[in-house]
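For reference, the structure discussed in these notes is given below.
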Amino acid sequence: MTADHGTHPVLADLDWPLRTERLELRPGRAEDADAIWPWYGLPEVQQWTTALSRSLEEHRERWSAKLPSSVVGLLGSRIIAVGKVDRQDAWSQADMAEQARGQQAELGWVLDPASHGRGYGTEFAAGLVEIAFEGLGVRRVEGNCFAENLASRRIMEKIGMRLEGHFREESLHRSGRWLDGMSFALLASEYRSPRPST
């Protein structure tokens, strides 16, 4: 769903950068396209991306179109993660559409394969959740992935998102296979409530 945000804050309105334990998060910039292409264009990365970029030029065009919702994660001066916090309208009955406008956000992320296995993806994704709830003030975040994308699934579980749907062969992968899809979500009220100690 596309939202006309009106008075809702957008990423550009927030106080940047956001610092996590090891990363610095900031909005994406046009010039970031060239910096991330060496790893974003790898086959093992693009097997899970929504859109396939076959060249740097195509990648630049796609990146530019996504800038309003894009966030990058830097380790030192190097971008090791890119993501989105895409504010959306919640579904509602027609007479409640105005109140539902801009009330949720879809999250997504891609990590440099050279940085896998060190918790950076989880740290970055947790930062996106903070941006959505604390910065944009949405009431719900969602994330979707192919069920075979185990890394993304594990990140969503680690940051407290709840599995809300497992859909059998509902997503056509560019390999030509119909794959299961999974949907995760988290409410602002859950994010802010203390978690029971284990």
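Read-outs throughout are calculated quantities, based only on the coordinates presented, and are distinct from any laboratory measurement. Here the structure is a predicted model, which is why all the values come from computation and not from measurement. Cβ atoms come from the backbone with ideal geometry, glycine included; neighbour counts cover every protein chain shown.
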Problem set entry | Counted residues, the range 59-77 - those being free of Cβ contacts under 8 Å to residues at least 40 places away in the same chain and either over 17 Å from Ala105 (Cβ atoms) or small (Gly, Ala, Ser) (or both) | 9
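Restricting the search to the range 23-33, which residues are free of Cβ contacts under 8 Å to residues at least 60 places away in the same chain and under 14 Å from Asp112 (Cα atoms)?
Let us first name the residues in the range 23-33 that are free of Cβ contacts under 8 Å to residues at least 60 places away in the same chain, namely 24, 26-33.
Scanning the range 23-33 gives Asp32, Ala33.
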For this session: Look at Ile36 and say whether it is in a strand (DSSP E or B), of a type in the set (Val, Ile, Thr) and surrounded by 15 or more Cβ atoms within 10 Å (Cβ to Cβ).
Result: no
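Taking the range 79-115 only, how many residues are free of Cβ contacts under 8 Å to residues at least 24 places away in the same chain and under 17 Å from Ala132 (Cβ atoms)? First the steps, then the outcome.
Within the range 79-115, the subset free of Cβ contacts under 8 Å to residues at least 24 places away in the same chain is 86, 92-100.
Next, only the ones that are under 17 Å from Ala132 (Cβ atoms) stay: 86, 100.
Number of matching residues: 2.
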